[in-house]
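Since the structure comes first, as structure tokens, the remarks are kept for the end.
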Amino acid sequence: MDDLYREVIIEHYKNPGYRGRLDPHDIFFEDNNPLCGDHIEVTLQVGADGAVSDARFDGHGCAISQASADLLIESIIGKPIEEVKQLNKQDVLDLLGIELGPVRLKCALLSLKVLKAGVYGLGEAGDDLVE
């Protein structure tokens with residue numbers, strides 16, 4: 001089963017469906033993982049109903065960071081911002097579907113950290129946002 005999930009990760013890394021930037025956008029945030037150099041930025045458009053009407057990510061890094069960003073962005077389109085705020089580490093791990101060690105966990109959770117900092121309107125993303 002892990003092989004299937006690894007194939008999904010590679011496919012999202014090589015052919016991300018949600019890479020890019022939205023202009024105009026309602027929410028923007030970016031951050032990086034200084035340990036490995038991964039960088040993610042997220043732009044969101046929010047409809048009058050308070051739901052994410054469109055979303056994109058951009059950045060660079062390892063397959064895990066980029067694939068998790070693509071999977072996460074795909075999963076939030078159409079969801080209310082209040083629901084997006086409730087996403088957690090386990091949600092991202094479920095999207096990836098494989099076990100990760102501590103170093104790779106930081107890579108996988110960077111997009112969640114950036115997304116949550118953006119939806120909460122924070123000036124700086126904190127690791128406590130992804131618990």
Note on the range 71-104: residues among the small types (Gly, Ala, Ser) and under 23 Å from residue 27 (Cβ atoms) are 75, 78
- Task: Return yes or no: is residue 76 surrounded by 14 or more Cβ atoms within 10 Å (Cβ to Cβ), modelled with pLDDT of 95 or more and out of contact with any Lys or Arg (no Cβ under 9 Å at 6 or more places or on another chain)?
- Result: yes
Expected output for the range 64-93 (first residue at positive phi, partner of a type in the set (S, T, N, Q), Cβ below 9 Å, 6+ apart or cross-chain) is 78/53
Of 21, 6, the only residue that is assigned to a helix (DSSP H, G or I), on the phi < 0 side of the Ramachandran plot and over 12 Å from the mean Cα position of the chain (by Cα) is 6
Notebook entry, point to check: So is residue 44 within 17 Å of residue 114 (Cβ to Cβ) and exposed (fewer than 13 other Cβ atoms within 10 Å of the Cβ) or not?
Noted result: no
Determine, yes or no, whether residue 70 is under 14 Å from the mean Cα position of the chain (by Cα), outside any strand (DSSP E or B), acidic (Asp, Glu) and buried (at least 18 other Cβ atoms within 10 Å of the Cβ).
yes
| message | Scan the range 53-60 and tell me whether some residue there is closer than 23 Å to residue 6 by Cβ, aromatic (Phe, Trp, Tyr) and not in a loop (DSSP other than H, G, I, E, B). | response | yes
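The values are calculated or read from the model by the stated rules, or taken from the named source; none is laboratory data. Keep in mind it's a predicted model, so treat the numbers as computed, not measured. All Cβ positions, glycine included, derive from the backbone under ideal geometry; neighbour counts span all protein chains shown.
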